[in-house]
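Below is one structure, written out as structure tokens, with a few remarks after it.
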Amino acid sequence: MKRTLLLTLPALLLAGCAAASEPTKTDALAIESRYPLDYAQQFTVDECAGGYSLITIDGSRYLVVPEGAAVPAELDDDIVVLQQPIENIYLVSSSAMDPIISIGGLGAVALSGTQAENWYLDAARTAMEQGQIVYAGKYSAPDYETILAADCGLAIENTMIYHTPEVKEQLEKFGVPVLVERSSYESGPLARMEWVKLYGILLGKTNEAERVFADAEQRIAPLADEAPTGKTVAFFSITSNNLATVRKGGDYVAEMIKMAGGSYAFADLTDSGNNLATVNISLEDFYAGAKDADVLIYNSTIEGELRSIDELIAKCPMLADFKAVQSGNVWCTAQSLFQQSMELPDLILDMNKVFTEGNPNADELKFLTKLQ
């Protein structure tokens, strides 16, 4: 249950310090095996005697201690202890919400870094509108008083938190453990979705997570037996300062296009020295790479949805010369796409229908809309 905010901040700080007092100790941690992951590369889980799980993410380690179990006595100082049940989570990384919802873990979330009107996930928005989850500030400006009043058991951040390291330090100082997830650094859609298993371990819902992931994997498995369609595809948006935003060739969107039977127009676009999945290129370079593409997919999550080809040409007149524009093979993604991280199979299947059928019925598609 979430607490009503009644205490002043100084009192809350004392309470937070008291909650972080030394827990009961037990014997040293004994690692027995590595939890099997088929795709994800950005985290590992060591399975330990007694049902303990040691999670490693980019060098940071988190020990998940079963409910009622004691903390091992000889832990390294860098290991963050997460005692189950993990409750009243402050969820800042929006990509973590869909996996948590998919395994029935929404009740463990008490605080959000996204306001209700900015959620495209119905369950998350409804929970906030009904007061079951409250807004506790964005990653760079959390409401510490609200977080402490809620007896927050864990803050789940994305790597944006590293731009304001003082916030992470402050949360940890107040006794709130911080887990920084890195699903966005995975290069494939299945690798991203496999992070559901991490949340299954945290919330004691491992079986649910494995079932959800297996179902998602199975949905797109038949595509592996299909031959490539030969269709060249550009996935892009146009910025307000006349640049084209495209995905790098090693990005998971490029991988989804390949899984759907297409060939990504910018497959040779490599890392430009940063970890961003997207890159801005000049319209001239975009013209050279995508003019003859068979299919254009406009990414609405950056610059907003489009409804017509005329709207697209108004943003960038040179697109009128593109093969896909002239043939009417231009599509737009739904803005909800990147919050619905467990629904990536739907986008892959949507793209496959577009590549193979040319003009599938609108009611057969979930994330793609044809521009008229």
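The table below lists the values:
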quantity	calculated
Helices (runs of 4 or more DSSP H) contained entirely in segment 143-233, each with at least 2 residues that are closer than 15 Å to residue 98 by Cβ, within 17 Å of the chain's Cα centre (by Cα) and modelled with pLDDT of 95 or more	189-193, 196-202, 206-220
Cβ pairs under 9 Å, 6+ apart, first in segment 40-58 and surrounded by fewer than 14 Cβ atoms within 10 Å (Cβ to Cβ), second of a type in the set (Ser, Thr, Tyr)	41/185; 41/187; 58/159; 58/185
Residue pairs meeting the criteria (Cβ under 6 Å; at least 6 apart or on separate chains; first within 23 Å of residue 301 (Cβ to Cβ) and in a loop (DSSP other than H, G, I, E, B), in segment 95-110; second at pLDDT 95 or above and not β-branched (Val, Ile, Thr))	none
Which numbered condition residue 86 fails, given (1) modelled with pLDDT of 95 or more; (2) within 16 Å of the chain's Cα centre (by Cα); (3) outside any helix (DSSP H, G or I)	(2)
Filter pass, residue 267 being touching a residue at least 12 places away in the same chain (Cβ under 8 Å) and buried (at least 23 other Cβ atoms within 10 Å of the Cβ)	no
Scope segment 72-87; condition in contact (Cβ under 8 Å) with a residue 24 or more places away in the chain, under 10 Å from residue 29 (Cβ atoms) and either in contact with a Ser or Thr (Cβ under 7 Å, 6 or more places away or on another chain) or not hydrophobic (A, V, I, L, M, F, W, C) (or both); matching residues	72, 73, 74
Flag if residue 327 is closer than 25 Å to residue 190 by Cβ and of a type in the set (Gly, Ala, Ser)	no
Single condition residue 69 does not satisfy, out of (1) crowded, with 20+ Cβ neighbours inside 10 Å; (2) of a type in the set (A, V, I, L, M); (3) out of contact with any Asp or Glu (no Cβ under 7 Å at 6 or more places or on another chain)	(1)
Matching entry among 296, 312, 306 (being touching a residue at least 40 places away in the same chain (Cβ under 8 Å) and touching a Cys at 6+ places or on another chain (Cβ under 7 Å))	306
Search result, residues across segment 330-372 that are of a type in the set (Lys, Arg) and either surrounded by 22 or more Cβ atoms within 10 Å (Cβ to Cβ) or part of a helix (DSSP H, G or I) (or both)	353
Selection count, segment 72-83, where residues are assigned to a strand (DSSP E or B) and either hydrophobic (A, V, I, L, M, F, W, C) or loosely packed, with under 15 Cβ neighbours inside 10 Å (or both)	3
Every residue from segment 249-263 that is under 20 Å from residue 183 (Cβ atoms), surrounded by 20 or more Cβ atoms within 10 Å (Cβ to Cβ) and in contact (Cβ under 8 Å) with a residue 60 or more places away in the chain	251, 252, 255, 256, 257, 259
Segment 237-248, residues that are more than 20 Å from residue 354 (Cα to Cα), over 19 Å from the mean Cα position of the chain (by Cα) and touching a residue at least 12 places away in the same chain (Cβ under 8 Å)	238, 239, 240, 242, 243, 244, 245
Some residue of segment 304-313 being surrounded by fewer than 19 Cβ atoms within 10 Å (Cβ to Cβ), under 30 Å from residue 100 (Cα atoms) and touching a strand residue (DSSP E or B) at 6+ places or on another chain (Cβ under 7 Å)	yes
Residue among 135, 144 that is out of contact with any Phe, Trp or Tyr (no Cβ under 7 Å at 6 or more places or on another chain) and aromatic (Phe, Trp, Tyr)	135
Conditions (1) among the hydrophobic types (A, V, I, L, M, F, W, C); (2) under 19 Å from residue 340 (Cα atoms); (3) loosely packed, with under 15 Cβ neighbours inside 10 Å; number of the one not met by residue 141	(2)
Hits in segment 116-169 (condition: free of Cβ contacts under 8 Å to residues at least 12 places away in the same chain and acidic (Asp, Glu))	117, 122, 143, 166, 169
Filter result for residue 355 (in contact with a strand residue (DSSP E or B) (Cβ under 6 Å, 6 or more places away or on another chain), aromatic (Phe, Trp, Tyr) and either modelled with pLDDT of 95 or more or under 30 Å from residue 212 (Cβ atoms) (or both))	yes
Residues within segment 123-140 that are more than 17 Å from the chain's Cα centre (by Cα), among the hydrophobic types (A, V, I, L, M, F, W, C) and under 22 Å from residue 184 (Cα atoms), tallied	0
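The values are calculated or read from the model by the stated rules, or taken from the named source; none is laboratory data. Because the structure is predicted, anything quoted here is derived from the model rather than measured. A quick note on method: Cβ atoms are made from the backbone with ideal geometry, for glycine too, and the neighbour counts reach across all protein chains shown.
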